[in-house]
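Since the structure comes first, as structure tokens, the remarks are kept for the end.
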Amino acid sequence: MPQNESKELLEALDAMKNEKNKENAERLTKLLEDVEVLVPAVMPKNTDPAILKQMSSTSPDTPQPIPEGAQPLPCILQNEAGQKFFPIFTSNEQIEKGEGIPKYPITLNMPFKSCIDLVIKLQGVEGAVINPYTHNILMNINRENSGNNNAAPAEPEKIQISEQEFHALVRRQMESALLPGKIFTEGEEFIKDLCSREGECLVEFFKEPYAKIGCPYSADDYDFMTLSISDTLQLTRISMPHEYAYPGTAETLFVTWNPEEKKAGYYGVLNAPRGEFNKLMEITSEGKAIDHGTAPGEGNELQCIIDIANAKNSK
């Protein structure tokens, strides 16, 4: 598994970032030929529950081969022009430099050559992007001269995943995508249901990924508090379960609602790696993640969210 890039590779990446020429490109390509890299991915919604159970059967942090029949899907990045690129990271450190970007649920360990073979087969993808948060080096793919496009994909045994990554995937999908998606698309109707049924409403998000396995969360694992702050602000605070509270998952969520303008807000205090400070993040109605910096201390969280929401309401 890639830890940190070699000094030679890092120098080649920096050189290519600073001056994109043929010499630097050839040097970088040569160094990457035999390197294993990291590719962010997710498990498809229709994954067989038996496979998910097998994936979650090992102890936390223990890498394991993807089981036969499992098909993790690589995450694809899209730029402002609508072009899609396959992200490749040369180390975990490069992934962690994505400030304000939600943590990837799964990272796949793959040979660089296998990544390029996969990009060639992906329709609608312009090419690959190496370390998009730092070096942002684009590699356009010439499919016409790519050789045998019918070659078999990389052997799944080379892909590693741990139980921690699986549970983190499920939880982060709920906290950073599914729940805010419901809030922003269904608005007041869903927020009323959420405040009424509380934990029962949230546990429903886990039915599909934990089907036939047993959901590790219950409705009682969530603590709710809803306050009417003013005519333009209702605030709901949700304390999240301690089970599988890995870095990047939420310790606390906040849902705001403006009854006059019929607008919602969604915020979360995210658990940080040991030795670091928790962060306060916001997910917008467009799905954009906004980093509000270090999270306020316990007891000051509510006032911080109130101040942010009131500032938005006054605009």
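The values are calculated or read from the model by the stated rules, or taken from the named source; none is laboratory data. A quick note: this is a predicted structure, and the numbers were derived from the prediction, not measured. So basically every Cβ, Gly included, is an ideal-geometry build from the backbone, and we count neighbours across all protein chains shown. Calculation scope for accessible area: heavy atoms of the full protein, side chains included, ligands and nucleic acids excluded. Shrake-Rupley method; radii C 1.70, N 1.55, O 1.52, S 1.80 Å.
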**Q.** Accessible surface of region 181-243 [probe 1.4 Å, protein heavy atoms]: carbon and sulfur percent
**A.** 44
Q. Between D307 and K7, what is the label-to-label distance in nm when each label sits 7 Å out along the Cα-to-Cβ direction?
A. 4.6
Q. How big is D, in µm² s⁻¹, for region 167-220 by Stokes-Einstein at 20 °C and 1.002 mPa s if Rh is the Kirkwood radius over C-alpha pairs?
A. 184
Q | Overall form of region 238-315 per C-alpha gyration tensor (a/c, 1.5; a/b vs b/c) | A | prolate
Q: Calculate the tail of P(r) for region 163-315: the fraction of all Cα-Cα distances greater than 25 Å, expressed in %.
A: 25
Q: Report the calculated FRET efficiency for K262 and D221 (r = Cβ-Cβ distance, R0 = 51 Å), to the nearest 0.05.
A: 0.95
Q. Quick one: net charge of Y222's neighbours, Cβ under 11 Å, K/R +1, D/E -1?
A. -3
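If you place +1 on the Cβ of every Lys and Arg and -1 on the Cβ of every Asp and Glu, how big does the dipole about the Cα centre of region 163-239 come out, in debye to the nearest 20? Can you show the working numbers first?
On the way: 8 positive and 15 negative charges, 30 e Å.
It comes to approximately 140 debye.
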Q) At q = 0.21, 0.22, 0.23 Å⁻¹, what log₁₀ I(q)/I(0) does a Debye calculation on the Cα points of region 232-271 give, no solvent, two decimals? A) -0.63, -0.66, -0.69
(Q) Give the residue list of GluC sites (Glu not before Pro) in region 224-303 that are DSSP loop and have at most 16 other beta-carbon atoms within 10 angstrom. (A) E243, E260, E261, E276, E286, E298
Q. Rounded to the nearest whole Å², what accessible area per residue is found for region 188-315 with the 1.4 Å probe?
A. 54
**Q.** Coil-residue chymotrypsin sites (Phe, Trp or Tyr not before Pro) of region 219-315, DSSP, other Cβ within 10 Å capped at 14
**A.** F277
Q: Within region 210-274, report the trypsin sites (Lys or Arg not before Pro) that DSSP leaves as loop and that have at most 11 other Cβ atoms within 10 Å.
A: K212, K262, R274
